[in-house]
Amino acid sequence: MKLDAKLLRYLSSEEFRVLTAVEMGSKNHEVVPTPLIAQIAKLKSGGAHKVLGELAKHNLVARVQNAKYDGYRLTYGGYDYLALHTFAVRGSIHSVGNQIGVGKESDIYIVADDDGVQHVLKIHRLGRTSFRAVKSKRDYLESRKSASWMYMSRLAATKEYAFMRALHEHGFPVPTPIDQNRHCVAMSLVDGVPLTHVAEVADVGQLYADLMALLLRLAAHGLVHGDFNEFNLLVREVDQKPVLIDFPQMISTNHPNAKEQFDRDVECVKTYFRRRYNFDATWWPEFDRDVARTVDLDAAVSASGACKLTKRQQRELEQFLLEKRAEDDGEGEVDEDESESEAESEELRGESEPTSADSSAEVEQIGATLQRIHLDQAARLGNSGPASDLDDAASGASDDEEDEEAADQLEEINNKQFRAFRDTKGTLEQSTTSSRAPRMIKATKTLTPEDIKRRVAAAQGKSTKGSKQNLNKTRNRKEKAVKESIRYGKTDYE
């Protein structure tokens with residue numbers, strides 16, 4: 001997708017709020033419902049519909065057809081506008097120029113800041129048809145099972161900015177990192193050309209030696225580039241020194257595939273120099289023989305395959321480095337202010353992090369609670385012998401669970417067979433010998449002779465009334481039949 005930033009200056013604050021709302025809703029929805037967008041953006045429903053319609057005209061959001069509900073999804077154009085708006089607010093980017101490069105994973109543009117200094121903007125666009133195997137070829141997801149292409153582009157940009165910043169601080173020939181937001185990375189503009197466009201080199205052997213030395217220097221810092229070829233190497237026009245770009249795929253030297261990736265990088269350089277410059281190398285580095293690790297830069301940037309430290313280990317490492325730095329400076333100990341701040345932080349962490357004594361007391365308390373629960377269950381089920389320790393409680397847990405499941409099943413069966421009466425004064429009678437469900441019967445009452453007489457009289461009155469009605473119906477029927485026979489001349493009725 002080509003970036004068109006002409007509309008960026010004309011978007012209002014409400015439109016950016018709606019774009020941000022669609023982005024926030026995309027974390028849990030593939031298609032964000034329109035009411036949710038209005039709720040997140042804190043706009044009225046009619047206002048949200050109007051803004052979404054305007055954004056859809058410019059392909060910043062897209063309305064999904066044939067969906068079960070009315071909703072929108074964020075496009076790469078809207079994602080680009082959100083990142084550029086953030087850069088503009090920070091003052092990192094003021095204007096956007098032409099596109100100077102395109103790859104299978106990103107697009108490269110010329111940008112400028114408020115002072116007119118030109119920089120490079122790299123926009124990651126994962127998920128293209130030319131490279132859709134990125135989920136298996138890269139470790140952006142780590143422990144996640146799946147993610148959207150936009151989120152993976154954001155992870156790639158974050159990882160590249162971290163690698164670039166660490167390498168630049170250690171003096172590697174890389175562009176100067178400026179800023180990063182979402183899936184975009186801003187860096188300095190290098191006065192050079194890609195190695196694949198360099199037809200002639202003044203000293204081919206020196207350039208080959210510089211590239212192999214750069215590979216060994218990366219490995220000494222615990223990193224393997226993984227894509228060290230002519231497309232990711234720039235050559236300065238002034239001194240023809242190499243500059244390294246494209247870092248998201250870098251891995252640690254402790255990675256299981258580190259040797260394979262290192263040997264492949266070396267082979268790529270050898271093959272290109274032999275094919276392009278007719279240079280046959282007589283020496284090249286080997287991973288097992290020439291790699292000597294001196295700096296753990298992979299752990300600092302959390303490279304794939306690196307030994308990742310916990311938060312406690314990270315604090316201990318920082319404290320050790322602080323003390324080591326103080327000793328090297330000749331101070332002998334840490335400053336009082338720093339020690340006080342460290343003590344205060346340790347106290348604060350101590351409130352939130354349980355100590356070993358607290359954890360052991362908590363374990364004992366949990367064990368006592370489990371034992372008490374087991375004793376209660378044993379008493380309820382009629383067990384005579386109490387459990388002696390926590391192991392017995394754990395061994396009897398499965399039996400208790402089975403009994404509870406059986407009781408639940410029996411109760412469910414009884415509920416299905418239970419038939420309630422309307423008489424709320426009834427009593428529940430449970431048969432002790434039968435396994436049938438409980439039934440509700442009416443409460444019995446002792447009848448007096450007066451009650452019996454009253455009931456008999458009422459029954460007789462009902463039957464007498466019914467017989468009189470039947471006699472009247474029969475008489476009326478006979479009279480009607482006689483009248484019809486006289487009318488039609490029939491006299492032999494009886």
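Every number in this text was worked out from the coordinates using simple rules, so none of it is lab data. Owing to the predicted nature of the structure, the values given are computational and were not obtained by experimental measurement. Cβ atoms come from the backbone with ideal geometry, glycine included; neighbour counts cover every protein chain shown.
Return the tail of the calculated pair distribution for segment 1-90, meaning the percent of Cα-Cα pairs more than 20 Å apart.
Numbers: 1117 of 4005 pairs.
Summing the P(r) tail past 20 Å for segment 1-90 gives 28 percent.
When a/c is below 1.5 the answer is rounded, else prolate if a/b is larger than b/c, else oblate, so apply that to segment 81-129 with a ≥ b ≥ c taken from the square roots of the Cα gyration tensor eigenvalues.
Working: a/c = 3.52, a/b = 1.68, b/c = 2.10.
Oblate shape, in that a/c is at least 1.5 and b/c is the bigger or equal ratio.
Is there a quick way to get the dipole size of segment 1-90? I mean about its Cα centre, with the Cβ of Lys and Arg at +1 and of Asp and Glu at -1; what is the value in debye to the nearest 20?
Computed charge dipole of segment 1-90: roughly 80 debye.
Which chymotrypsin sites (Phe, Trp or Tyr not before Pro) from segment 17-112 combine a DSSP loop assignment with at most 12 other Cβ atoms within 10 Å? Present the calculation step by step, with values, prior to reporting the outcome.
On the way: sites: Y69, Y72, Y76, Y79, Y81, F87, Y109; in loops: Y69.
In loop regions of segment 17-112 (DSSP not H, G, I, E or B), the sparsely surrounded chymotrypsin sites (Phe, Trp or Tyr not before Pro) are Y69.
From the backbone phi of segment 272-282, what are the Karplus-calculated ³J(HN,Hα) couplings (6.51 cos²θ - 1.76 cosθ + 1.60, θ = phi - 60°) in whole Hz, Gly and Pro given as x?
Couplings: 5, 5, 6, 7, 8, 10, 6, 10, 9, 6, 9 Hz.
What does the charge dipole of segment 1-44 about its Cα centre add up to, to the nearest 20 debye, if the Cβ of each Lys and Arg holds +1 and the Cβ of each Asp and Glu holds -1?
Rounded to the nearest 20 debye, it is 120 debye.
Taking a threshold of 31 Å on the Cα-Cα distance, which of the pairs K44/K122; K57/K122; K50/K104; K42/K122; K6/K159; K42/K68 fall above it?
On the way: K44/K122 36 Å; K57/K122 26 Å; K50/K104 36 Å; K42/K122 33 Å; K6/K159 29 Å; K42/K68 24 Å.
From K44/K122; K57/K122; K50/K104; K42/K122; K6/K159; K42/K68, over 31 Å: K44/K122; K50/K104; K42/K122.
May I ask you to list the GluC sites (Glu not before Pro) in segment 164-231 that are in a DSSP loop and have at most 11 other Cβ atoms within 10 Å of their Cβ?
Details: sites: E169, E200, E230; in loops: E200, E230.
Listed in order of number, the matching sites are E200.
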